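Here's the structure, in structure tokens; my notes come after.
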Amino acid sequence: MAAIIEVKYFNTFLLKKVNALISPPGPNYGNIPIWNGSNGVPAAKGGYPSTTNSTIGNDWVIEEARINGGYNNTSVSFGAKAYLVEEEPNAAIRGNSMIYSGILNSRTGINNTNVFSVGEDIVKSTDPANGSIQKLYSENTNLTIFQELKINKALIDKDAIYSAEGSGTAVTQQNLVIGQIVPFIGKFGISQDPTSFAVYGDIKYFSDKNNNVILKLSGSQLSEISKANMVDYFRDRLGTDINVAGVSGKIIGGYDIYNKQYVVSTQESGANEFTLNTGFETLSWDENVQGWTSFYSYKPEQMFSLGNKFYSIKFGNLYEHYSLSGVRNKFYGNEGGTTQPSSITFVLNPSVGLSKNFKTVEYEGSSGWQINSFISGITGTNLNYSNNNWVNFQDTTAQVLSYVQGTYDSNLPVANTGTAAVVLPFNYAGFSRKENKYVANLINNSNAAQGEIAFGSSMSGIKGFFATVTIATDTVTDPGGEKELFSVGSEYTRNNGY
């Protein structure tokens, strides 16, 4: 009985014959041929068994292009043959150019994606002076081309005719794939960091390490969002901080659709590149406030939004952010899976221009917050005569423990010696809770500066025009639970009548 073999496309067949040894007393024992060219055809249909190895000699392989291998039998189609007609057939890398193939039409079965005809104009080049093309992004009928030093746009399947006044009209030309390339105004590019790119709607975000800036492209308007009070930060961070031993660091970007923010993570090269909790800074840009709102404590390898959720990838694993069922303050199971403190650093400056003495600190929110540092502005620069160095003096306070962490009872050992049950009040070395607010005194722990009579714990609070405060969650109050913070304030007095 004949077998029907469906052959979609072959140029030639490789037929392999080996000898297999069948031991007696089985039937047909001895050396019998096995044809590996008939894989898939069962023996009941006239096929031969197959094998992958043989220890018997007289094996051979032949390339055959005719059906059944007979003389003058029908030959299979040889298909397209690759050939070169150039006088100098040498490969060339053109980093500033784009090349496109033939069309793919699944409805008609046309697939020319492997056809690159030298007889047609299939190459579109940008200015090589602006470096290589790092990223292409298409939307509707437009193509945005990101070079190292320049951003360009081009029409897809259309070209533009410009009038004498400069207005453009898009027209369609036959056999046109990429239209005229038009650069955006401004000498900005994406450097060599296409991983910093993120898009939301018609707004595109990316970095330009060559200019130490973060950029936003909205329509035809290219703007520098790193100007929003972060010029010095990005100049230092992109210019030097993430580059170690001459090796450029990474810039990872993504759009957080949950909070409607662009998130960028700048990561140092070298040894810190593969660590989990060091050598990086991750922060976000918010369009609603037109500013950089937060620093985050996670170091992603990739970031993206899908549906209405925000994800990141670390060590080959996928993580969902803002999950209500997850443990808070823990990213990627770091530090053995324990929770990590979240912190907020801000400048406390009421009554601008007034020299103050900050006496207390208070906050409104959940239990579980502590003050890690409360530091005044620089009060002066003096010479340290012991080592001949100039020193900037600042007033600082001791750490203020959280409500739970600072709980103690000094009378507890005495009460336990009696027989009657005694309910004792609790004392607090840190925050106390009063009228649904958490308050604490500030204890000065500064060293004596020149000319100071009262310093350190002998005085209350710290003096200065402003104070830089860092408040963070502790590690003992409901680990992994929700911690809310609404406001932070301080009671202060005016210093010396000025």
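Summary of values
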quantity: Index of the failed condition, Ala82 passing every other in (1) modelled with pLDDT of 85 or more; (2) of a type in the set (Gly, Ala, Ser); (3) open to solvent by 50 Å² or more (accessible area, probe 1.4 Å); calculated: (1)
quantity: Test set (1) of a type in the set (S, T, N, Q); (2) surrounded by fewer than 13 Cβ atoms within 10 Å (Cβ to Cβ); (3) at pLDDT below 90 - Ser101 fails condition number; calculated: (2)
quantity: Neighbours by Cβ (under 8 Å, 6+ apart or cross-chain): first from segment 356-376, at positive phi; second among the charged types (D, E, K, R); calculated: Gly365/Lys483; Gly365/Glu484; Gly368/Asp474; Gly368/Asp478; Gly368/Lys483
quantity: Answer residue from segment 313-333, given it is closer than 19 Å to Thr278 by Cβ and basic (Lys, Arg) and is modelled with the highest pLDDT among those; calculated: Lys314
quantity: Where Leu176 falls short, out of the listed (1) open to solvent by less than 50 Å² (accessible area, probe 1.4 Å); (2) at pLDDT 90 or above; calculated: (2)
quantity: From the options Ser138, Ser163, residue that is hydroxyl-bearing (Ser, Thr, Tyr), out of contact with any Lys or Arg (no Cβ under 8 Å at 6 or more places or on another chain) and modelled with pLDDT of 90 or more; calculated: Ser138
quantity: Residue, nearest to Tyr205 (Cα to Cα), within segment 308-322, restricted to residues that are touching a residue at least 40 places away in the same chain (Cβ under 8 Å), open to solvent by less than 60 Å² (accessible area, probe 1.4 Å) and of a type outside the set (Phe, Trp, Tyr); calculated: Ser312
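The values are calculated or read from the model by the stated rules, or taken from the named source; none is laboratory data. Note that the structure is a prediction, hence the values are computed from the model and not measured. When we count neighbours, we look across all protein chains shown, and the Cβ atoms used for this are built from the backbone with ideal geometry, even at glycine. Just so you know, the surface numbers come from the protein's heavy atoms only, side chains and all, with ligands and any DNA or RNA stripped out. Shrake-Rupley method; radii C 1.70, N 1.55, O 1.52, S 1.80 Å.
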